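To keep things clear, I will list the structure first and then write my remarks on it.
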Amino acid sequence: AIITLYLGIKTLIKDRKNNVNIIFSLFCISMFIYTFSLGIIYLLKTEKQVIIGMNFNFIGMHTFLPILFHFFLVITKAKTKLWILFLNYLPSLIFITANISGISLFNEYIKYKGEWIGILNIKVYSFYLLHILIFLTIGLILIIKWGKKTVLNKDKIYSRYLLVSTLLTYLICQTVGFILPAFKVYDLQFIAIITFFLFISGLYFLISKFRF
């Protein structure tokens, strides 16, 4: 969590006026909220405490995708209007509000080998997964078009990285974080955090090297 926050702050300090750096820093903050709250939740004793802790965790979880999509818009220099940004962040706001209201991705939380595990709410997860599929599809189409249109080699390299790493990251994280636990396979959830950290580290490396 601390490393992710450090990368975000360092990137922002390098160029505070660069929109790519600003959005990347927001992504790092989102990841920090998610991982830091998970660490706190690990120490909690009761399910009621976990539910309260997850209110903070979901802020990080549900802001991953809209910030990433915003990053795609900025990096590809797509025309970004206010209503597009509003529609981008609106679903996440709905998910966060619904969670606070008691409509959560998880029906309950159980202790498994000393860790708290969420039991998936299939109906809510179906909407969450649809949200991911729609926004990732649009975002990756933008990346593919950008990669084909650009004449700069650095942009072509970055577009390929974004396409492959984004697909792999979400595929791995959804599988080990939600799908396998639905079948009571709980031991691989840590892979999701490692995968997202590697994804962010890759973004940081390319941003630092190519300076968009």
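See the values below:
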| item | result |
| --- | --- |
| The stretch 127-212: projected area of the alpha-carbon convex hull, averaged over directions, in nm² | 6.0 |
| Normalised convex hull volume, the stretch 128-168, alpha-carbon set, Å³ per residue | 45 |
| The chain - mean residue ellipticity at 222 nm from DSSP helices (-39,500 (n - 2.57) per run, n ≥ 4, rounded to 500) | -26000 deg cm²/dmol |
| Listed residue (PHE190, THR4, SER104) projecting farthest to the positive dipole end of the chain, Cβ model | THR4 |
| Cα-based shape type of the stretch 68-181, given that a ≥ b ≥ c are square roots of the gyration tensor eigenvalues and the cut on a/c is 1.5 | oblate |
| Computed magnitude of the charge dipole of the chain (debye, nearest 20; Cβ of K, R +1, Cβ of D, E -1) | 920 |
| Label of the coordinate-derived value, log10 I(q)/I(0) by the Debye sum over Cα atoms at q = 0.11, 0.12, 0.13, 0.19 Å⁻¹, listed as (i) -0.54, -0.64, -0.75, -1.51; (ii) -0.62, -0.73, -0.84, -1.34; (iii) -0.59, -0.67, -0.76, -1.27 | (i) |
| The stretch 112-201 - percent of accessible surface contributed by carbon and sulfur, probe 1.4 Å | 75 |
| Percent carbon-and-sulfur accessible area, the stretch 39-92, ignoring ligands, DNA and RNA, probe 1.4 Å | 75 |
| The stretch 153-212: trypsin sites (Lys or Arg not before Pro) in DSSP coil with no more than 16 other Cβ atoms inside 10 Å | LYS184, ARG211 |
| Residue-level accessible surface for ASP187, protein heavy atoms, 1.4 Å, Å² | 80 |
| For the chain: accessible area per residue (Å², 1.4 Å) | 56 |
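The values are calculated or read from the model by the stated rules, or taken from the named source; none is laboratory data. A quick note: this is a predicted structure, and the numbers were derived from the prediction, not measured. A quick note on method: Cβ atoms are made from the backbone with ideal geometry, for glycine too, and the neighbour counts reach across all protein chains shown. For accessibility, only protein heavy atoms count, side chains too; no ligands or nucleic acids. Shrake-Rupley method; radii C 1.70, N 1.55, O 1.52, S 1.80 Å.
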